[in-house]
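See structure below.
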Amino acid sequence: MAIAYLFKPHDKDLGGGFKVRRILPAAAKQAVGPFLFFDHMGPVDAEPGTVHDVRPHPHIGLATVTYLFEGAIMHRDSLGTEQRIEPGAINWMTAGSGIVHSERTPDDLKSQQRRTHGLQLWAALPREHEETAPDFSHTPASAIPEVEFDGGMLRVLVGSAHGQTSPVPTFGETLYLDVHLEPGRLMALNDLPEEAALYPISGDLVIDGEEVPAYTMAMLEPGVPVRVESQAGTRFVVIGGAALDGRRFIYWNFVSSSQERIEQAASDWEQERFRPVPGDSERIPLPATPPSWKRRE
């Protein structure tokens, strides 16, 4: 069997009725390579005047990776970054020792009917880089390598594949591909990293004869080449990389190899010690529920 695990989603409301399908972390596996959060946003249609903004909130110990298929998001952070995120671009925000950001509807779209569809992943930073200085990297769609093959096309969003390397900076072996496969065609996936998974965005996806249900992630057995095919045509992503260098603790928007570090970050947010997003006084409050390890004390 090429598939080691099938991860099913659960709905998560980010506020204002804007729901995502959260695939990772899963009960059977915390992460696939460095990726320990995987959210599939939409597609969701919004009427004029509808607000789906995500107010300022903090992160530590991770990098957020945002990729849109449709729509636009205005990113602002405590570094002073203002970046409109549009389809095809990769936006990599390194939280490191701490960053605050917001994700809002661009002003020019607020009065329009609009659709949002995309993915946001979190990559845990290696232990040695958990406290690195925060940073934001925007790679436009035009800079992402594309590879055509017999039966389809893929984009190398992060990492290297098919002789192409993405310019997106990372902290370790990381792979993220956006693949289109035409109806009735198949492709071989070889030389994948130690941990890898496939997730269908649309269409039917079959891996070595086993159909992958919609909105379900298929984590592969390590080191096993696979054949992917689709009767009606499909779009799917491949994620993966080297296995995490140890367990990560997760509480709210904080990720760390240290429980104490997360508790400090929670206190810092509650006491307003994080640098704010310039010009934005709103903030998402710390959850009332403490970390799971505190509840067991």
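Some notes on this structure:
- Residue check for PRO48: surrounded by fewer than 19 Cβ atoms within 10 Å (Cβ to Cβ), within 12 Å of MET217 (Cβ to Cβ) and not acidic (Asp, Glu): no
- Of the set (1) part of a strand (DSSP E or B); (2) of a type outside the set (Gly, Ala, Ser); (3) modelled with pLDDT of 95 or more, all apply to LEU79 but (1).
- Elements of type strands (runs of 3 or more DSSP E) in region 12-68, at least 1 residues being of a type in the set (Val, Ile, Thr) and out of contact with any Ser or Thr (no Cβ under 8 Å at 6 or more places or on another chain): 19-24
- Region 82-119, subset at pLDDT below 95 and polar (S, T, N, Q), residue farthest from GLY42 (Cα to Cα): SER111
- When residues in region 211-250 are screened for being in contact with a strand residue (DSSP E or B) (Cβ under 6 Å, 6 or more places away or on another chain), over 19 Å from ALA63 (Cβ atoms) and outside any loop (DSSP other than H, G, I, E, B), 13 of them pass.
- Close pairs (6 angstrom Cβ cut-off, 6 or more residues apart or separate chains): over 20 Å from ASP280 (Cβ atoms) in region 84-106, polar (S, T, N, Q) and not in a loop (DSSP other than H, G, I, E, B) anywhere: ILE90/THR139; TRP92/SER137
- Region 171-200, subset out of contact with any Gly (no Cβ under 7 Å at 6 or more places or on another chain) and within 19 Å of ILE144 (Cα to Cα), residue surrounded by the fewest Cβ atoms within 10 Å (Cβ to Cβ): PHE171
- Filter result for the condition that a residue is more than 30 Å from ALA2 (Cα to Cα), buried (at least 18 other Cβ atoms within 10 Å of the Cβ) and of a type in the set (Val, Ile, Thr), over ILE239, ILE262, ILE207, ILE284: ILE262
- Neighbours by Cβ (under 6 Å, 6+ apart or cross-chain): first from region 158-175, aromatic (Phe, Trp, Tyr); second surrounded by 14 or more Cβ atoms within 10 Å (Cβ to Cβ) and not in a loop (DSSP other than H, G, I, E, B): PHE171/HIS129
- Of all residues in region 188-210, none satisfies the criterion of being free of Cβ contacts under 8 Å to residues at least 24 places away in the same chain and either in a strand (DSSP E or B) or β-branched (Val, Ile, Thr) (or both).
- Check on THR139, free of Cβ contacts under 8 Å to residues at least 24 places away in the same chain and closer than 29 Å to HIS101 by Cβ: no
- Scanning region 122-142 for residues that are under 19 Å from GLU82 (Cα atoms) and either touching a Cys at 6+ places or on another chain (Cβ under 6 Å) or surrounded by fewer than 16 Cβ atoms within 10 Å (Cβ to Cβ) (or both) yields ALA133, PRO140, ALA141.
- Close pairs from region 43-54: first at positive phi, partner not in a strand (DSSP E or B), Cβ under 8 Å, at least 6 apart: GLY49/LYS110; GLY49/SER111
- Selection within region 89-104: residues that are of a type in the set (S, T, N, Q) and crowded, with 22+ Cβ neighbours inside 10 Å. The member of this set that is nearest to THR170 (Cα to Cα) is THR94.
- Residues of region 266-297 that turn out to be assigned to a helix (DSSP H, G or I), under 23 Å from ASP39 (Cα atoms) and at pLDDT 95 or above, as a count: 1
The values are calculated or read from the model by the stated rules, or taken from the named source; none is laboratory data. What you see is a predicted model, and the numbers here were worked out from it, not measured in a lab. Note: ideal-geometry Cβ built from the backbone for every residue, glycine included; neighbour counts use all protein chains shown.
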